[in-house]
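In what follows, a structure is listed as structure tokens, so that the remarks can point back to it.
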Amino acid sequence: MKRILSAILIICIAVFAIAGCNPKVQNNALVNFSIYEGVDSISDIQKVDLPNKYAKYCTSYKFTYNSDGFDVKAYISIPLDCSSENQKECILYNRGGNFRLGLLTDTDTAKICTATGRVVIASQYRGCDSGTGKDEFGGADINDIITLVNFCENTFDFTDMTDFCTAGVSRGGMMSYMLARCDLRVKRIIAISAVSDLTKAYNEREDMHPLLEECIGGPPQLLPLEYEKRSAVMWANEIKVPVLMIHSKGDAQVSYSQAEELKAKFDKNNTPCKLITYDDSIHGFHEEDISIIKDWLSR
């Protein structure tokens, strides 16, 4: 008996030595997203190799889709227990940055999916990550995210649209406000360190002048309407859905005053809005944000 047990122990040690001390999680996802290859312009679907801490909860894919004739890159993360019989609510995540920086990584949507248990989909925007077209920083590229909403409603059979949430950081928060303004399918907004007054952002950030002028076509003095349509503070009365705002008082990239002014407009118009404030200078996510977001989404 001892010899048998010793042999079993040796075999187990050998197996773990071959597999490594951190074996891959067995992924039993119910949704095989690859079946959407060639459907509604979706192509080049590639499964993402996620770290175990995310692979235990979701699967992720990178894919290409068509928006206004341009090839645009995107990610989607799907909870393992999601299926056509067990549809999950969605978050459309809008990244910050531009065609030069802030591109989505392979784990960005997976982090949010793991934390919330929702399907998370996100666009790189046109002209980015080897996609075609030009990043207009909230111009025609708004269609890139509207197309993803269309997929969630009309193409995928595993998504529940009843509490569709759009979330974004910095420029992505601006895109989220713009989407909610024009698309009634949006039921919630999460805006973190969000741009809500692009003219003010332009005036406060001289280093952003070349980028904004390249993407938009000029400064706010020459193109006031282009900057206004990207500024939720100018049309806050058109936002009717609940909003969660998160902003640091010392944020040097997007001033806290933008959040304050928009919150005041929301309050005046009786738009449900919760503003979470930090006393630090962080631009973007805090560790505490995940629990705040989960609690807010559950209401």
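Just so it is clear, none of the values below were taken in a lab; they were calculated from the coordinates. Owing to the predicted nature of the structure, the values given are computational and were not obtained by experimental measurement. Note that we place each Cβ from the backbone using ideal geometry, even for glycine, and neighbour counts take in every protein chain shown.
How much length would be gained if the chain were fully extended between Glu214 and Lys240, taking 0.36 nm per residue of separation minus their Cα-Cα distance, in nm to one decimal?
Taking Glu214 through Lys240 to full extension adds about 6.2 nm, to one decimal.
Quick query: amide H of Ile190 versus all other amide H atoms, modeled in the peptide plane; which residues come in under 5 Å with a sequence gap of 5 or more or a different chain?
Thr166, Ala167, Gly168, Leu244
Among DSSP beta bridges whose residues both lie in segment 54-213, state the antiparallel percentage, nearest 5.
45
In whole Hz and in residue order, list the ³J(HN,Hα) couplings for segment 228-235 that follow from phi through the Karplus curve 6.51 cos²θ - 1.76 cosθ + 1.60, θ = phi - 60°; x for Gly and Pro.
Listing the rounded values in order: 5, 5, 9, 10, 4, 4, 7, 9 Hz.
Only residues of segment 128-156 count here: report those whose backbone N is under 20 Å from the spot 7 Å along Cα→Cβ of Ser84, or say none.
The answer is 150-156, whose backbone nitrogens lie closer than 20 Å to the label point.
Compare Ile192, Ile78, Ile282 in a GNM of the chain, Cα atoms joined below 10 Å, and give the one with the largest fluctuation.
Sorting by GNM fluctuation, first place goes to Ile282.
How would you classify segment 246-289 from its alpha-carbon gyration tensor, with a ≥ b ≥ c the square roots of the eigenvalues: rounded for a/c under 1.5, else prolate if a/b is greater than b/c, otherwise oblate?
Working: a/c = 3.17, a/b = 1.70, b/c = 1.87.
Oblate is the answer for segment 246-289, as a/c is 1.5 or above yet b/c matches or exceeds a/b.
How much of the DSSP beta bridge set in the chain is antiparallel, as a percent to the nearest 5?
Approximately 40 percent, going by the DSSP bridge assignments.
Would you kindly derive the ³J(HN,Hα) couplings of segment 134-144 from the backbone phi angles with the Karplus curve 6.51 cos²θ - 1.76 cosθ + 1.60 (θ = phi - 60°), listing them in order in whole Hz, with x for Gly and Pro?
Ordered by residue, 3J(HN,Hα) equals 10, 5, 10, 6, x, x, 5, 5, 4, 5, 5 Hz.
Hey, if you put +1 on the Cβ of every Lys and Arg and -1 on every Asp and Glu Cβ in the chain, which of Gly217, Thr147, Thr116 ends up farthest toward the positive end of that dipole?
Comparing the listed Cα positions along the dipole, Thr116 ranks first.
At R0 = 22 Å, how high is the FRET efficiency between Ile282 and Asp106 if r is their beta carbon distance? Nearest 0.05 is fine.
According to the calculation, E is roughly 0.40.
At R0 = 30 Å, how high is the FRET efficiency between Asp157 and Lys134 if r is their beta carbon distance? Nearest 0.05 is fine. List each step's numbers first, then the result.
Working: r = 33 Å, r/R0 = 1.11.
Taking R0 as 30 Å, the efficiency between Asp157 and Lys134 is 0.35.
Holding the Cα-Cα limit at 20 Å, pick out from Lys187/Lys294; Lys56/Lys187; Lys47/Lys187; Lys62/Lys187; Lys134/Lys229; Lys229/Lys263 the pairs that are longer than that.
Lys56/Lys187; Lys47/Lys187; Lys62/Lys187
For segment 28-297, rounded, prolate or oblate, judged on the Cα gyration tensor with a ≥ b ≥ c (square roots of eigenvalues), a/c < 1.5 rounded, else prolate if a/b > b/c? Write down the numbers at each step before the final one.
Numbers: a/c = 1.72, a/b = 1.37, b/c = 1.26.
Prolate, because a/c is 1.5 or more and a/b exceeds b/c.
Taking the Cα centre of segment 28-297 as origin, work out the dipole magnitude from +1 charges on Lys and Arg Cβ and -1 charges on Asp and Glu Cβ, in debye rounded to 20.
Charge dipole, segment 28-297, about its Cα centre: 400 debye, nearest 20.
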